[in-house]
Amino acid sequence: MTSNKVENEVERWINLEEIARHLSVSKDTIRLWIKKETIPYHKVGRQYKFRLSEVDAWVESGKSADADK
């Protein structure tokens, strides 16, 4: 039986600054998308956290193109 290490790893949460850098947009743009509830995010206390897999799927789905409307 072969174990796949990647499957067993837990995806880490990233913060607003990291997701802005990942998408090459400003932190203000991310905040605007959060306010419009277009980007997938989770609120932990007063902080916003993101999963790269959810945000990448959102971009690939084309829904990110509607975020600025």
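The values are calculated or read from the model by the stated rules, or taken from the named source; none is laboratory data. Everything quoted here is computed from the prediction, not taken from an experiment. Cβ atoms come from the backbone with ideal geometry, glycine included; neighbour counts cover every protein chain shown.
The set of residues from segment 39-66 being of a type in the set (Ser, Thr, Tyr) and at pLDDT 95 or above comprises Tyr41, Tyr48, Ser53. Would you check if there is a residue in segment 14-29 being on the phi < 0 side of the Ramachandran plot, out of contact with any His (no Cβ under 9 Å at 6 or more places or on another chain) and modelled with pLDDT under 95? Scanning segment 14-29 turns up no residue that is on the phi < 0 side of the Ramachandran plot, out of contact with any His (no Cβ under 9 Å at 6 or more places or on another chain) and modelled with pLDDT under 95.
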